[in-house]
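Here is the structure we will look at.
The values are calculated or read from the model by the stated rules, or taken from the named source; none is laboratory data. These figures come from a predicted structure and were not determined experimentally. Here the Cβ is made from the backbone with ideal geometry for all residues, glycine too, and neighbour counts use every protein chain on show. Surface accessibility is based on the protein's heavy atoms, side chains included, excluding ligands, DNA and RNA. Shrake-Rupley method; radii C 1.70, N 1.55, O 1.52, S 1.80 Å.
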Amino acid sequence: MLDVHPPHEPVLNWRDFLIHLFTITIGLLIAVGIEGCVEWREHRHLANEAAASMTDEIRSNAKDLQGVSSDIHKQQATLKEDVAMLKQVLQTGKLPHGTLSVHFSITDFDEVSWKTAQSTGALAFMPYSQAQEFSNIYNTQEELRTAEHQAARDAIVSLGTIAPMEDNKDDMSPADAKTMMTNIGILQGQLLLVDALVTDLDGEYRKYLAAHPQD
């Protein structure tokens, strides 16, 4: 709070008035400047602290992303084997020896630092290019999370075809096999999207961490 006090001595003429006005103006400018400097330092500290925290978070998420693309390729290979087995059901009416396998795992990304930076307004105190860099990374991360959840739902739907059969999966009907093939086809398409997003996010992680090596 800035206080302006009246002069201790009476103002007798314009000269005294102007001197007093000039003194008040200079004092206010100095006070506002000091206050602005303090706020700027606080905002800069908040932005730097948020950037450091998000960098650590990105580094951790980048480690969790390693191997995800390889796992997806293994799942795609397994689904191709499932489709081959289901095609035999359409031809023979019997499921060949082997096991149908449909599964999918979701990557657990941290985003506490990102959400904290948004809630505290720290992003507003960063240079535009830096805030945009963080935004691009976390937006791609969220797109991947959404795509993975959809793939998990597609996997559940695919399993739903054989779940009621319990121990009689060898007696799968051609109609059930055809339904499951359709559902697996949808899952295969979703996995292509997930794999593409994993590649994009991995590239963004690598680019950012290369520009911000760990001390």
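Residue by residue through segment 111-160, note down the ones that are closer than 19 Å to Thr199 by Cα, open to solvent by 30 Å² or more (accessible area, probe 1.4 Å) and not acidic (Asp, Glu).
Correct list: Ser135, Asn136, Asn139, Arg145, Thr146, His149, Gln150.
Using the structure shown, decide if Ser60 is surrounded by 11 or more Cβ atoms within 10 Å (Cβ to Cβ), over 30 Å from Leu191 (Cα atoms), hydroxyl-bearing (Ser, Thr, Tyr) and modelled with pLDDT of 70 or more. Lay out the reasoning, then the answer.
Values: surrounded by 11 or more Cβ atoms within 10 Å (Cβ to Cβ): yes; over 30 Å from Leu191 (Cα atoms): no; hydroxyl-bearing (Ser, Thr, Tyr): yes; modelled with pLDDT of 70 or more: yes.
Taking the combined requirement at face value, the residue does not satisfy it.
Could you list, ordered by first residue, the pairs with Cβ atoms under 7 Å in which the first is in segment 26-46 and under 19 Å from Ala124 (Cβ atoms) and the second is at pLDDT 70 or above and among the small types (Gly, Ala, Ser), at least 6 apart or interchain?
Leu46/Ala122
Among what's in segment 90-120 and is small (Gly, Ala, Ser) and without any contact (Cβ under 8 Å) to a residue 24 or more places away in the chain, pick the residue that is farthest from Glu204 (Cα to Cα). Walk me through how you get there before you give the answer.
Narrowing segment 90-120 to residues small (Gly, Ala, Ser): 93, 98, 101, 105, 113, 117, 119.
The next check asks that each one be without any contact (Cβ under 8 Å) to a residue 24 or more places away in the chain; those that pass are 98, 101, 119.
Numbers: Gly98: 40, Ser101: 32, Ser119: 24 Å.
Among those residues, the one meeting the criterion is Gly98.
Matching residues to (1) closer than 18 Å to Gly189 by Cα; (2) part of a helix (DSSP H, G or I); (3) in contact with a His (Cβ under 7 Å, 6 or more places away or on another chain):
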| position | (1), (2), (3) |
| --- | --- |
| Ala50 | no, yes, no |
| Pro96 | no, no, no |
| Thr107 | no, no, no |
| Glu133 | no, yes, no |
| Ile137 | no, yes, no |
| Leu144 | yes, yes, no |
| Ala151 | yes, yes, no |
| Leu159 | yes, yes, no |
